[in-house]
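Worksheet: one structure, shown below.
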Amino acid sequence: MALGDSITGSPGCWRALLWQKLPADQVDFVGTLPGQGCGFDYDGENEGHGGYLATNVANQNLLVGWLAATDPDIVLMHFGTNDVWSNLPAATILAAYTTLVGQMRASNPSMKILVAQIIPMNPSTCAECAQRVVDLNAAIPAWAASLTTAASPITVVDQWTGFDTATDTYDGVHPNDAGNVKIANRWYPPLAAALP
């Protein structure tokens, strides 16, 4: 299950590129949302909800229903961009992450969870957003280490390093074709390692 906002889902063609790299007989992407056009056929089901905040998804228990409907074994989560844009502090976003992890483990006690340090953002309407992403990403490793378990490991995936909003997005926030390649390439090693 790819979980997040528009960076994951609208159309989120990094998922299509990632799917191409994985062994098709071992991978079934799941989600309540259908895939969107990325120029070729792929397994596109996802939970990339454009405009959603991680805090709202956690507070409204939305993930519980999505998990029940799709029963994933692995979650790839790139979430928090809209929370940052809404000027929510990193601690509030991480508290939402903690709620979401608890819901994942309630669905599947051996859930493998891959959490992104999110891609940079530099929208024309938010001068402070760039630093807020830095602050969130800096806090993610210690948060993950505090919650990871042998049964349900949390792996931090660095989607930040080497990602340039000037060349890898079309608007300072959402990935373009070059950005999608980078995101897929960063997800691939930890996801391949998590496959049974």
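The values are calculated or read from the model by the stated rules, or taken from the named source; none is laboratory data. Source: prediction; values computed, not measured. As a convention, Cβ positions derive from the backbone with ideal geometry for all residues, glycine included, and neighbour counts pool all protein chains shown. Remember, those area values only see protein heavy atoms, side chains included, never the ligands or the DNA or RNA. Shrake-Rupley method; radii C 1.70, N 1.55, O 1.52, S 1.80 Å.
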Given N residues in the range 82-196, what is its alpha carbon radius of gyration divided by 2.2 N^0.38 Å?
1.11
Which order do the peptides 69-78, 23-32, 128-137, 164-173 take when ranked by the mean count of other beta-carbon atoms within 10 Å per residue, highest first?
69-78, 128-137, 164-173, 23-32
For the chain, the percent of accessible surface on carbon and sulfur atoms (probe 1.4 angstrom, ligands and nucleic acids excluded) is 55
In debye, nearest 20: dipole of the range 1-126 around its Cα centre with unit charges on the Cβ of K, R (+) and D, E (-)?
340
What's the percent breakdown of Cα-Cα distances in the range 26-107 across 5 Å bins, shortest bin first?
3, 14, 23, 24, 17, 12, 6, 2
How much area per residue is accessible in the chain when the probe is 1.4 Å and only protein heavy atoms are counted (Å²)?
42
Along principal axes, Cα extents of the range 140-192, largest first, whole Å:
39, 22, 15
Convert each backbone phi in the range 118-125 into a coupling constant with the Karplus relation 6.51 cos²θ - 1.76 cosθ + 1.60 (shift: θ = phi - 60°), then list the ³J(HN,Hα) values in order as whole Hz, x for Gly and Pro.
5, 5, x, 9, 8, x, 4, 9
Students often get this wrong: which residues of the range 155-191 have the backbone nitrogen under 18 Å from the point 7 angstrom along Cα-to-C-beta of residue 73?
155, 188-191
Relative counts (whole %) of C-alpha pair distances in the chain, using bins that are 10 Å wide:
9, 40, 39, 11, 0
